[in-house]
Amino acid sequence: QVQLVESGGGLVQAGGSLRLSCAASGSIFSINIMGWYRQAPGKQRELVADMTNGGSTNYADSVKGRFTISRDNDKNTVYLQMDSLKPEDTALYYCNVYAATRRYQPRNYWGQGTQVTVSS
């Protein structure tokens, strides 16, 4: 019903920047929340940032001030600008969308993940 495709991950040195993109497609009626999660080896998946249709945002304390989430509702795309990257940001980053389709009430959808690796 909803497909999410992430892009923009890669290898970067500490202090560098990356911009992640996630495009949602399918029989989408509305998208209420779009955001990013990440999971590092040996750690649980955690919320990095998300944004509602109203523009409200949430950030993990560890990325606050360094990462910026943005959203293009017309393109059903969410972005994550990551600046001043640290080695501890290394993780698999997943796009998450809370969306309603023509068939279903709002529910969560997940992308396959894009790898971000930050070298020291």
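The values are calculated or read from the model by the stated rules, or taken from the named source; none is laboratory data. The structure presented is a predicted model; accordingly, all values stated were derived computationally and were not measured. Ideal geometry is used to build each Cβ from the backbone, glycine not excepted, and the neighbour counts take in all protein chains shown. Accessible surface is based on the protein model in full, side chains and every heavy atom, while ligands, DNA and RNA are left aside. Shrake-Rupley method; radii C 1.70, N 1.55, O 1.52, S 1.80 Å.
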**OP:** Return the lysines within reach of Lys64: Cα separation strictly under 25 angstrom, same-chain partners fewer than 8 residues apart disregarded; answer none if there are no such residues.
**Re:** Lys43, Lys86
Subject >> Contour minus Cα-Cα distance for Gln112 and Ala14 (0.36 nm per residue) >> reply: 32.8 nm
Original post:
Hey, quick one: spin label on Asn73, modelled 7 Å out along Cα-Cβ, who in segment 1-38 has an amide N within reach, i.e. under 13 Å?
Top reply: 30-34
**OP:** Output the Cα-based Rg and Dmax of the chain in Å, rounding Rg to one decimal and Dmax to a whole number.
**Re:** 13.9, 47
Subject >> Surface per residue (accessible, 1.4 Å probe) for segment 1-93, Å² >> reply: 52
**OP:** Residues in segment 3-27, backbone N under 11 Å from the label point at Arg66 (7 Å along the Cα-to-beta-carbon vector): list them, ranges by number please.
**Re:** 14-17
Original post:
Taking R0 as 25 Å, what's the FRET efficiency between Arg103 and Asn53 from their Cβ-Cβ distance, rounded to 0.05?
Top reply: 0.80
